[in-house]
1. Considering just Cα atoms, how many Å³ per residue does the convex hull of segment B:254-397 enclose?
2. Using the Cα atoms of segment A:335-425, I'd like the radius of gyration and the largest Cα-Cα distance, Dmax, both in angstrom.
3. Amide H neighbours of B:Arg139 under 5 Å, counting only residues 5+ apart in sequence or on other chains, H built in-plane at 1.01 Å?
4. Between A:Phe428 and B:Arg57, what is the label-to-label distance in nm when each label sits 7 Å out along the Cα-to-Cβ direction?
5. Over chain B, how many percent of alpha carbon pairs lie in each 20 Å bin up to the one with the longest distance?
6. Say each of A:Lys193 and A:Asn134 gets a label point 7 Å from the Cα, pointing the same way as Cα to Cβ; how far apart are those two points in nm?
7. Could you tell me the center-to-center distance, by alpha carbons, between segment B:204-269 and segment B:48-75 in angstrom?
8. Every other copy gets compared here: list the nm distances from the B:Phe399 label point (7 Å along Cα to Cβ) to its counterparts, shortest first, one decimal.
There are 2 protein chains.
Amino acid sequence: MMEAAVTQHEPDQARGGRKGGPCRVVLAGFGTVGRSVARVLDGLRDDARLVAVLDRRAAIKRAGWLHDPDVVWTDSIDEALAGGADVFIELIGGIDPAESWIREALSRRVSVVTANKQVIAHAGPSLLSMATSNGCQLRFEASVAGGVPVLRAIESGLAGDRLVRVAGILNGTCNYILTRMEREGVDFASALKEAQALGFAEADPTMDIGGGDARAKLAILAMIALGVQAPVGGIHTESIASVTPLDFQYARRLGCTIRQVAWASRGPADANPGGAEGLEAGVGPALVPLDAPLARVSGSENLVTVRGQFGGETSFGGRGAGGDPTAVAVVSDVLGIARGARPPLRPTLTIVDEVSDDLAAPFYVRFTVRDRPGIIAALATVFADYAINIDAILQEPGFPADARPFVISLDAAPAGTVHAALEKVAGFDFHVAPPVAMPILGTMA
Amino acid sequence: MMEAAVTQHEPDQARGGRKGGPCRVVLAGFGTVGRSVARVLDGLRDDARLVAVLDRRAAIKRAGWLHDPDVVWTDSIDEALAGGADVFIELIGGIDPAESWIREALSRRVSVVTANKQVIAHAGPSLLSMATSNGCQLRFEASVAGGVPVLRAIESGLAGDRLVRVAGILNGTCNYILTRMEREGVDFASALKEAQALGFAEADPTMDIGGGDARAKLAILAMIALGVQAPVGGIHTESIASVTPLDFQYARRLGCTIRQVAWASRGPADANPGGAEGLEAGVGPALVPLDAPLARVSGSENLVTVRGQFGGETSFGGRGAGGDPTAVAVVSDVLGIARGARPPLRPTLTIVDEVSDDLAAPFYVRFTVRDRPGIIAALATVFADYAINIDAILQEPGFPADARPFVISLDAAPAGTVHAALEKVAGFDFHVAPPVAMPILGTMA
């Protein structure tokens, strides 16, 4: 048993000119992730050392953290950075004051590591430019899929490919709720309450359930994987709140289960003025084949799959949230900077103003009707008018005639056409509840 | 629609001082992968340009490649490097002359990118040191799991974690054969022939079937993920050739399927002189629970899962072989060098002389016997002598008494103890074929 040094370069060279001593780290936000980051950094003192904690409740939180008496605790960004810093870690979340603190650090030529999906999705390119101008770095591995190093893997490990599509399960709360509904047959409200009781869902779960959280992460993936910058608000989202246990029964008859899926593809070049490629993207509940990787993601896990022109499908899975996994992503970014790794050379971004979600896919539509003769005929006529083929009509027995659910599966058609047909269908007077439509993925055109 | 530049540094700075012009690439080996690499490089002329092809059949192969008349075709390493090179890509495979060519390139301060698992598994640390001394780089993403960027993801994206275990399906040929046996019930020999006919298996499949191929990849993963350098030959391998369709039937009764699994864990510190951590590792057929990620890898796909102290399980899946996916890994390494990315700062390796495969696991053992009363009693006595509990005895009906198979599943016990008991059992005269033993993973201690 012996030791062999296989480092490929000298430490001094590695730290990009900053000679001697560990990388000085200022940590903003001392919640669950912040505490984990502090703990992981504690084991890496040669490489990086926590010098200050910035938290608006610094005075209170300090009391519970007795480890290093030299760490400065403050609620002032100026004071936090005053002692000199190499890396500023932003973990407070939200846009304000997170974005202005990030700008403040970059303006002082301090590199920034953040887990903030909202700030990066909205202002990432402008902040990256600012980092470049100031000769420092901005890294945000933790902003997408928590501990799963998908951005790094795409940026460096798949740099030689041309990625054409990215799809993933990016919100652990939704996945926890949907897998509970799938396996236990509980309804949405009960599964949500369970998730809240276990700490998987916020008191206000709107961003999770409605798709806003996954949408921000998808916008970041679109930048890094596809080289496209899109307005985050332009990506269409559908809530998973309309999914019922019955939908899982019907989905299973179609060989599928239901997941909240975030997806983005390069759009056809001819769809845009100037002929540049566009972006097709969306977030919402979708049917996925039972044997597809996305179907196998259970509980609060995350999975990202990318499709490359040369490399085919590659997938990255793991823990998408939680203090320790997220801290691994944050600290890995810090170590990259501490050890002098250069920022990845990102492709020039194509900026698109509009995002289409008009991907052609088979669709699942559940109707709930006051039953009477002629309903199927009426629906079939509308779908025929829109040139949409009906694949199958599925109806489980045992429901009362005044609120009878049934499902129509449609052959692949553009989402826009399907939604137009459904708007027409909404005019009929037999609906007890609005139709629920979901794309059937895995067989996407 | 407009363009926004978000590169974080200047191209000149990015290329580590090498001013102007694309990175000059010499490619050794113009087989399936080499051709794909040439094709992918062709689309990246601003970043990297092929200047020479080194192949022992250069004169013949040149005829089929008419694209760039300026490329030098030669069977001499001196001539290939004579025109000046920034990166030497080694794709000829095997140890000789691959290793000496790699050394030749490094000695000329030319960075090396290789897909050669044998050279890296055997001589990686010494070659990395040589690269360091000469101020150039050695990269080998393609040597493990083809197009799946697992080394890069571990080295940079999980740098902040302490990984404790790695397991994976690293040989697509074995996985293709085993999934065919699982799904179609064909026997090993037929599945192998099929794989050969489809080009998934070599004419001499010994390295795949016997585990030598996966073992070399596992040794590289142990270096990168666990920081342990082990003698490749010291990692125990078991062939998958003894697996029969009947084993899949029994495995299913235990909620499992069968895969060739390569695994490595940090060993207990007290097992080694000096108290340093050791390595436990092995390659061979194993039962894996049907709902485990490894069970869901089908056909020639690869999957690597790592377990970190902080980040939990993270998995990386995709196409582990084939010209184009492997070319993506090679070209991504080239681009990393071309764009001035620094080599990862690798941890100091712990060198171990011996590798244990004595992990405690439940075991599956299939016996084939000339039936007579008292066989179970005889076996049970031996297992009791070794303090191994019997979990279940499974016997499918319909086999003749002179060659009757049955299965005993054993509670978790150290592999060494199980094998010692089986050696004792081998002395009985009722065996028609040697017992086949496989660990049952996923419930590993």
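The values are calculated or read from the model by the stated rules, or taken from the named source; none is laboratory data. What you are looking at is a predicted structure, and each value in this text was computed from that prediction instead of being measured. Ideal geometry is used to build each Cβ from the backbone, glycine not excepted, and the neighbour counts take in all protein chains shown. These area figures cover heavy atoms from the full protein model, side chains too; ligands, DNA and RNA do not enter into them. Shrake-Rupley method; radii C 1.70, N 1.55, O 1.52, S 1.80 Å.
1. 210 Å³
2. My reading of the Cα-based Rg and Dmax gives 22.4, 72 Å.
3. B:Val112, B:Val113, B:Thr114
4. With each label placed 7 Å out from Cα toward Cβ, I get 6.5 nm.
5. Bin by bin from 0 Å, the calculated values are 24, 50, 22, 4, 0.
6. Taking the two extended label points, one gets 4.8 nm.
7. Between the Cα centres of segment B:204-269 and segment B:48-75 lies a distance of 38 Å.
8. 5.0
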